[in-house]
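**Student:** Would you mind keeping the following structure in view while I ask a few things?
The values are calculated or read from the model by the stated rules, or taken from the named source; none is laboratory data. Keep in mind the model is a prediction, meaning the values are calculated, not measured. When we count neighbours, we look across all protein chains shown, and the Cβ atoms used for this are built from the backbone with ideal geometry, even at glycine. For the accessible areas, the whole protein counts, side chains as well, though only heavy atoms, and no ligand, DNA or RNA atoms are used. Shrake-Rupley method; radii C 1.70, N 1.55, O 1.52, S 1.80 Å.
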Amino acid sequence: MNSIVVLASGRGSNFEAVAEAISAGALSAKILALVCDQEGAPVLEKARRRGIPSVCVPKKPGQSPREHELQWLAEVRKHGAPEWIVLAGYMRVLSAALIGEFELEPGVS
């Protein structure tokens, strides 16, 4: 079973599709947590209703993209070491430095 953390920003329709695929047995995974960057986003409540830990990590004024990534990375790591980070409507570009924080399997780039 794959362990995943979902990054989302809005309504949560992509998150729900992932969660439903898991519930239906179409995807062998467990969602460790949901991290959102928009306060009050409906996806936060949708995760909570499913019993999935969720946290909002908004980008603060003056905060660099790297500082923001490190902030949500710290939240992700509170839930263990996910095998996958799933972007479900998350509309920010992830930096090479952030991607480098995760081990890749041999042959994966």
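**Student:** Looking only at the range 44-98, filter to residues that are aliphatic (A, V, I, L, M) and more than 14 Å from the chain's Cα centre (by Cα); which one of those is least open to solvent (accessible area, probe 1.4 Å)?
**Tutor:** Here is the first cut: in the range 44-98, the residues aliphatic (A, V, I, L, M) are 44, 47, 52, 55, 57, 70, 73-74, 76, 81, 85-88, 91, 93-94, 96-98.
Adding the requirement that they be more than 14 Å from the chain's Cα centre (by Cα) leaves 96-97.
Values: 96: 88, 97: 53 Å².
Among those residues, the one meeting the criterion is 97.
**Student:** For the range 1-17, which residues satisfy the criterion of being part of a helix (DSSP H, G or I) and open to solvent by 30 Å² or more (accessible area, probe 1.4 Å)?
**Tutor:** Within the range 1-17, 13, 14, 16, 17 qualify.
**Student:** Can I ask one more? Hey, among 57, 93, 76, which residue is in contact (Cβ under 8 Å) with a residue 40 or more places away in the chain and aliphatic (A, V, I, L, M)?
**Tutor:** 76
**Student:** Just one of (1) open to solvent by less than 30 Å² (accessible area, probe 1.4 Å); (2) within 20 Å of residue 3 (Cβ to Cβ) trips up residue 101, so point out which.
**Tutor:** Among (1) open to solvent by less than 30 Å² (accessible area, probe 1.4 Å); (2) within 20 Å of residue 3 (Cβ to Cβ), residue 101 violates only (1).
**Student:** Return a yes/no flag: does the range 56-64 have any residue that is charged (D, E, K, R), modelled with pLDDT of 90 or more and within 17 Å of residue 39 (Cα to Cα).
**Tutor:** Yes, the range 56-64 has at least one match.
**Student:** In the range 18-43, what residues are open to solvent by less than 60 Å² (accessible area, probe 1.4 Å) and either out of contact with any Asp or Glu (no Cβ under 8 Å at 6 or more places or on another chain) or in a helix (DSSP H, G or I) (or both)?
**Tutor:** If the condition is that a residue be open to solvent by less than 60 Å² (accessible area, probe 1.4 Å) and either out of contact with any Asp or Glu (no Cβ under 8 Å at 6 or more places or on another chain) or in a helix (DSSP H, G or I) (or both), then 18, 19, 21, 22, 29, 31, 32, 34, 36, 37, 41, 43 are the ones that fit.
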